[in-house]
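All remarks here apply to the structure that follows.
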Amino acid sequence: MISITTQRALRNARNTISGIAVALSVFALPATAASYHIQVNGVNLALAQAPLDRGGRVFVPLRAVFEGLNAGVAYDNGTINATSGDRTVQVKIGSNQAIVDGQQTFLDAAPFILGSTAMVPLRFVSEALGATVNYDASGGISIAQAKAPIANGLAFNTTLGTELNTATAYVGQPVTLNVGQQASNGVAALSGATIYGQVLDVQAAHQGVNPKIEISVNSIKLAGSSAQQPISAKVVRMNPVQGNNFTKEAAGTVGGMVLGNWIGKSLDSNQGGLIGAAGGYLLTSNSKTNLDVAAGSSVTLQLTDALALK
């Protein structure tokens, strides 16, 4: 039988342990909230209220983040309206329903007020304003503003990164094109990009047969990115730099559109296996001498569909 003194000692020990646990939990909560830090378009965002985790979802202060993305924010009696360019967003405190560009949508958790700050799920930032959101293991949150798409029909200049010779080229041979670092004409976002394509058709010169080579493009990798994305474009002009056997009679003629379907999967190849709609460009010669198109030759591309940059 346990004595009254022993019972009291055990009870006091339990109370002491509980008190320590409560104290630890109190001090742990602010540390968890403070572990998140936000960058918007590469700039550290100063926040009056730190992001926090609630129910397994990360919440961020709406006004600070939206204004960091150049969106105007207005608050009226529990309703928040934000405008960014031609995009409009409306959310209500305590409701998981929102209106984005006039269309009703649903948040994965309802916004709430913390102190005087409206907190919204981080996922909603990307869904509402088209921004990209990335996490890292240290609790860093990187938010980047959506890039405006490049309009269909826009033409821009590149240089050939792969030497082509009708004597040695083969159908399916990888081709690269490089966009200059000083890209202009509305395509500054493509500055330093690499464009990938392939040889569609080739014919070596021999007796009674003129040489020809046809190329197309199908994917693009932006400067600073490791991922390729589809591009729908046609080659409208090639100005070859003279190679070893380049003939003066060579002339570029636009071949018929070569249509392909992007199959949406990667194959095991250096080009990532992306296949997109492409316009072939046929370079021909009236001479029986093989065409040798040197790397560095100027190639003009024209988009056949708008390019949404990622």
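The values are calculated or read from the model by the stated rules, or taken from the named source; none is laboratory data. Values in this document were obtained by computation on a predicted structure and should not be read as measured data. Reconstructed Cβ throughout: ideal geometry from the backbone, glycine too, with neighbour counts over all protein chains shown.
Within the stretch 170-198, count every residue that is more than 17 Å from Gly296 (Cα to Cα) and modelled with pLDDT of 85 or more. Walk me through it before giving the result.
Taking the stretch 170-198 as the starting set, the residues that turn out to be more than 17 Å from Gly296 (Cα to Cα) are 170-173, 184-190.
From the residues that got through so far, the ones that are modelled with pLDDT of 85 or more too are 170-173, 190.
Counting residues in the stretch 170-198 that are more than 17 Å from Gly296 (Cα to Cα) and modelled with pLDDT of 85 or more gives 5.
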> Tally time: how many residues in the stretch 113-137 are free of Cβ contacts under 8 Å to residues at least 12 places away in the same chain and part of a loop (DSSP other than H, G, I, E, B)?
Replying inline: 3
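When the residues of the stretch 51-109 are narrowed to those that are in a strand (DSSP E or B) and among the acidic types (Asp, Glu), which ends up surrounded by the fewest Cβ atoms within 10 Å (Cβ to Cβ)?
Let us first name the residues in the stretch 51-109 that are in a strand (DSSP E or B), namely 52-54, 57-61, 72-76, 79-84, 87-92, 97-100, 103-106.
Adding the requirement that they be among the acidic types (Asp, Glu) leaves 53, 76.
Numbers: Asp53: 14, Asp76: 7.
Per the stated criteria, the residue is Asp76.
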>> Here is a check on your reading of the model: is Ser226 farther than 18 Å from Asp292 by Cβ, part of a loop (DSSP other than H, G, I, E, B) and of a type in the set (Ser, Thr, Tyr)?
In response: yes
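Within the stretch 155-166, is even one residue among the hydrophobic types (A, V, I, L, M, F, W, C), under 24 Å from the mean Cα position of the chain (by Cα) and crowded, with 17+ Cβ neighbours inside 10 Å? Give the steps one after another, and end with the answer.
We begin by selecting, within the stretch 155-166, every residue among the hydrophobic types (A, V, I, L, M, F, W, C); these are 155-156, 160, 164.
Adding the requirement that they be under 24 Å from the mean Cα position of the chain (by Cα) leaves 155-156.
Checking which are crowded, with 17+ Cβ neighbours inside 10 Å leaves us with 156.
Yes, the conditions are met somewhere in the stretch 155-166.
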>> Can you find a residue that is in contact with a Phe, Trp or Tyr (Cβ under 8 Å, 6 or more places away or on another chain) and either part of a loop (DSSP other than H, G, I, E, B) or not aliphatic (A, V, I, L, M) (or both) anywhere in the stretch 150-172?
In response: no
>> I need the full set of residues from the stretch 60-104 which are under 23 Å from the mean Cα position of the chain (by Cα) and hydroxyl-bearing (Ser, Thr, Tyr), in order please.
In response: Thr83, Ser84, Thr88
